[in-house]
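Read the structure below first, then the notes.
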Amino acid sequence: MKRIIRLFGEKPLNFKQHLGKSSWLLICLMMVSMGLVQGNPEPDPILFEIKIERHQPVKMRDGVILYADIYRPAKEGKYPVILTRTPYGVQRVGVHHERMTKFAQRGYVAIVQDVRGRYESEGVWDPFRDEAKDGFDTIEWAAKLDCSNGKVATQGGSYLGHNQWAAASQTPPSLEAIFPSVASTNVYANWITMGGAFRLSFNYGWGVVRMPNKIMLPQDWHTAAYTPEELKYENILYHLPLKDGDLASAGKAVPHYRDWVEHEAYDDYWKEVSDEERFNKITVPAYNTGGWFDIFVMGTINGYVGMRNHGGTPEARKGTKMLIGPWGHGPSKSNSYGDMKFSEDAYVDLFEEELKYYDYYLKGIQNGLDKEKPVQIYYMGENKWRHEDDWPIPGTVYKELYLGGEAPANSVRGGGTLSFEKADKAVTDTYAYDPQLPVPTYGGNNCCGTPTPAGPRDQRVLERRNDILVYTSEFLTEPVSIAGPVSMKLFAATDGPDTDWMIKLVDVYPDGSAYPISEGILRAKFRNGTEKAELLKANKVYEYEITLTGTANVFKPGHRIRVDITSSNFPQFDRNPNTGKPLGSSDETRVAQQTVHHGGPRASHIILPIVKGFD
């Protein structure tokens, strides 16, 4: 019945008041028999007419006024609050407006606020720098509203997720729970860089082109047919030195972009905005959601692990959860991403997950949330969800898969091999890395910056290049199930003071198609940690530890496991010029001669987290 009544408006009409009892029963029986409704229908949970209070001023501790819209039930009363703080405008149709409306209709005061320096709010836009204290002040303001019962949770993904972590790290007394989706927990380590390599596509496309000032700008002038050649992304991203690349697009200096380039190491500038430095200050549970191919997947994982191990209260540690699906920067209703299609249940409606979470922590509804296992992850390859007790998964066995082969491993035509058995014979493979001819980005963990193909894309188009070393296992006779952190131990040398090492873990299907499932990069001068750059000695062999993105995948019988090694992934990452000069300071580049060692005493290998397979 409710589906038909809803057509007449948001507030259900009480037909029973307008019809006699016998007529009402007759109509209900007729509709059940026609299949229009089921017997004993559940009451519709959307019971509230709502009011929207626009442009509400929120005074920060330094006197700056930020503005928010309040969505709340029209019926007077005290309700719990769900707060979103956004740099993308409170009016963002299809995102904020719809979600806030749905929360308000379900008995919440839903607030969306423009962050400092964006859209209607006062102040100067300086990404990341003010979100902790502004978030604290806004949470405590929201708790004191006449329509609030004093309980506040936060909501949102990407930058909005970072805002949640930042505010929670200040321990606001009115905060009850956070729900960071596809969010970074360390702006330096899993946003601006990875392994010390600068994420050019994201930092330029997001920080310079789309978000330089007060409002979000389009990218058309770098992508449209009418764009002059020198302004098209495929040309403008080659601009050197990086430090003044903003002039080519924005036409003037973008201060935050220049700060990012200047602070290439993990120094105090970055530590001030790192949430991973302050997990012990966060006293409420966090529900972390993300995608295996999202640019921030390591933030999703680190948020879960950090809170489970270091959260500020037992309740925060116990209540923290994680859900990761086969997505990019959020779930896809098409159940496909990149070149792959997943199972019909791959899509998850995160609104329903959020609502269940907020109902439990803000309304005290016993909906079974506390009985669920804390980790829910999608295993690619097998294309199934599984609930796990923790991350890394208890009982994980870490196994080394060694590089091998006596023939040169250059390209997919070469003789590079992978085996769980270490080769006795020492072998080297070599290639030249030319920053003027970098390996293009094709697939992997990317989003939101300049347009680049992301997700599981067939790597064969790249693996024909001689500047990629390709190591492939024999055809598998049994499934190999992995879930957890992936890392590479690489013995390698270069003939200059610095370079990059880019690693991809690839699932090779029986037809030869090759899909990346995990990737990692290391700027060699940060081999001993990103806090301090240490240049290399030419042609010296170093042992590198390279962290790849976490993943979950089942390599099935008939498949092969592959590792690709190269020195560039452009424009996802900036081109290392191989000169050792500070990031963005020079337009000079040089060709690097690279040598990878395997077998014997320098047995380069990837480390896989092996877990129990599916029955």
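The values are calculated or read from the model by the stated rules, or taken from the named source; none is laboratory data. Computed from a prediction, not measured in an experiment: that's the story for all the values here. Cβ coordinates were reconstructed from backbone atoms using ideal geometry, including for glycine residues, and neighbour counts include every protein chain displayed. What goes into the accessible areas is simple: the full protein's heavy atoms, side chains included, and nothing from ligands, DNA or RNA. Shrake-Rupley method; radii C 1.70, N 1.55, O 1.52, S 1.80 Å.
Take M340 and tell me if it is aliphatic (A, V, I, L, M), open to solvent by 10 Å² or more (accessible area, probe 1.4 Å) and within 11 Å of the chain's Cα centre (by Cα).
Numbers: aliphatic (A, V, I, L, M): yes; open to solvent by 10 Å² or more (accessible area, probe 1.4 Å): yes; within 11 Å of the chain's Cα centre (by Cα): no.
No; evaluated as a whole, the condition is false for this residue.
Report the residue count in segment 254-281 for those that are within 30 Å of A177 (Cβ to Cβ) and open to solvent by 80 Å² or more (accessible area, probe 1.4 Å).
4
Every residue in segment 134-152 that is among the small types (G, A, S), under 10 Å from V81 (Cβ atoms) and buried (at least 24 other Cβ atoms within 10 Å of the Cβ), please.
Taking segment 134-152 as the starting set, the residues that turn out to be among the small types (G, A, S) are 135, 142-143, 148, 150.
Those left that are additionally under 10 Å from V81 (Cβ atoms): 142-143, 148, 150.
Answer for segment 134-152, where residues must be among the small types (G, A, S), under 10 Å from V81 (Cβ atoms) and buried (at least 24 other Cβ atoms within 10 Å of the Cβ): just A142.
Of these, W221, W191, which one is out of contact with any Pro (no Cβ under 7 Å at 6 or more places or on another chain), surrounded by fewer than 24 Cβ atoms within 10 Å (Cβ to Cβ) and of a type in the set (F, W, Y)? If you could, list the steps in order and put the result at the bottom.
Numbers: W191 fails: surrounded by fewer than 24 Cβ atoms within 10 Å (Cβ to Cβ).
Sole residue among the options that is out of contact with any Pro (no Cβ under 7 Å at 6 or more places or on another chain), surrounded by fewer than 24 Cβ atoms within 10 Å (Cβ to Cβ) and of a type in the set (F, W, Y): W221.
For segment 93-110, indicate whether the set of residues that are modelled with pLDDT of 95 or more, under 29 Å from P212 (Cβ atoms) and open to solvent by 10 Å² or more (accessible area, probe 1.4 Å) is non-empty.
Within segment 93-110 (the criterion being modelled with pLDDT of 95 or more, under 29 Å from P212 (Cβ atoms) and open to solvent by 10 Å² or more (accessible area, probe 1.4 Å)), the answer is no, since none of the residues qualifies.
Quick one: in segment 442-483, which of the residues that are among the β-branched types (V, I, T), out of contact with any helix residue (DSSP H, G or I) (no Cβ under 7 Å at 6 or more places or on another chain) and open to solvent by less than 40 Å² (accessible area, probe 1.4 Å) is nearest to Y378 (Cα to Cα)?
First, pick out the residues of segment 442-483 that are among the β-branched types (V, I, T): 450, 452, 461, 468, 470, 472, 477, 480, 482.
Retained after the next criterion (residues that are out of contact with any helix residue (DSSP H, G or I) (no Cβ under 7 Å at 6 or more places or on another chain)): 461, 472, 477, 480, 482.
With open to solvent by less than 40 Å² (accessible area, probe 1.4 Å) added as a condition, the list becomes 472, 480, 482.
Working: T472: 25, V480: 15, I482: 11 Å.
It comes out as I482.
Here is a check on your reading of the model: is A110 free of Cβ contacts under 8 Å to residues at least 60 places away in the same chain and touching a strand residue (DSSP E or B) at 6+ places or on another chain (Cβ under 9 Å)?
Values: free of Cβ contacts under 8 Å to residues at least 60 places away in the same chain: yes; touching a strand residue (DSSP E or B) at 6+ places or on another chain (Cβ under 9 Å): yes.
Taking the combined requirement at face value, the residue satisfies it.
Answer yes or no: is there a residue in segment 458-478 that is part of a strand (DSSP E or B) and among the small types (G, A, S).
As a first pass, look at segment 458-478 and keep what is part of a strand (DSSP E or B): 469-472.
Filter once more, so that each one left must be among the small types (G, A, S): none.
Taking every residue of segment 458-478 in turn, none turns out to be part of a strand (DSSP E or B) and among the small types (G, A, S).
Looking at segment 345-356, is at least one residue in a strand (DSSP E or B) and not β-branched (V, I, T)? If you could, list the steps in order and put the result at the bottom.
Applying the first criterion (in a strand (DSSP E or B)) to segment 345-356 yields none.
There is no residue in segment 345-356 that is in a strand (DSSP E or B) and not β-branched (V, I, T).
Note down all Cβ pairs under 6 Å where the first residue falls in segment 89-100 and is farther than 21 Å from E352 by Cβ, the second is assigned to a loop (DSSP other than H, G, I, E, B), and they're at least six residues apart or on different chains.
If the second residue must be assigned to a loop (DSSP other than H, G, I, E, B), the pairs left are G89/Y119.
Where residues in segment 343-364 are without any contact (Cβ under 8 Å) to a residue 40 or more places away in the chain and under 17 Å from V284 (Cα atoms), which of them is surrounded by the fewest Cβ atoms within 10 Å (Cβ to Cβ)?
The selected residue is G364.
Looking at segment 121-133, is at least one residue touching a Gly at 6+ places or on another chain (Cβ under 8 Å), open to solvent by 60 Å² or more (accessible area, probe 1.4 Å) and within 30 Å of H256 (Cβ to Cβ)? So that I can check it myself, show each step before the final result.
Our first condition is that a residue be touching a Gly at 6+ places or on another chain (Cβ under 8 Å); within segment 121-133, this holds for 123-127, 130.
If we keep only those that are open to solvent by 60 Å² or more (accessible area, probe 1.4 Å) too, we end up with 124.
In the following step, the residues that additionally are within 30 Å of H256 (Cβ to Cβ) were identified as 124.
Within segment 121-133, one or more residues are touching a Gly at 6+ places or on another chain (Cβ under 8 Å), open to solvent by 60 Å² or more (accessible area, probe 1.4 Å) and within 30 Å of H256 (Cβ to Cβ).
What's the number of the only condition in (1) farther than 27 Å from F136 by Cα; (2) open to solvent by 10 Å² or more (accessible area, probe 1.4 Å) that P314 fails to meet?
The one condition P314 does not meet is (1).
Got a number for residues in segment 533-577 being within 30 Å of T289 (Cα to Cα) and assigned to a strand (DSSP E or B)?
18
What are the residues in segment 387-430 that are without any contact (Cβ under 8 Å) to a residue 24 or more places away in the chain and either assigned to a strand (DSSP E or B) or crowded, with 18+ Cβ neighbours inside 10 Å (or both), if any? Even if it seems obvious, please write down each step before you answer.
Just the residues of segment 387-430 that are without any contact (Cβ under 8 Å) to a residue 24 or more places away in the chain, to begin with: 387, 389, 394, 406-408, 415, 420-421.
Residue satisfying the conditions is H387 alone.
Output the residue which, of all residues in segment 317-337 that are in a loop (DSSP other than H, G, I, E, B) and closer than 24 Å to M100 by Cβ, is least open to solvent (accessible area, probe 1.4 Å). Give the derivation first.
Applying the first criterion (in a loop (DSSP other than H, G, I, E, B)) to segment 317-337 yields 320, 326-327, 329, 331-335.
Pick out the ones that are also closer than 24 Å to M100 by Cβ and you get 327, 329, 331-333.
Values: W327: 9, H329: 63, P331: 44, S332: 33, K333: 160 Å².
Result: W327.
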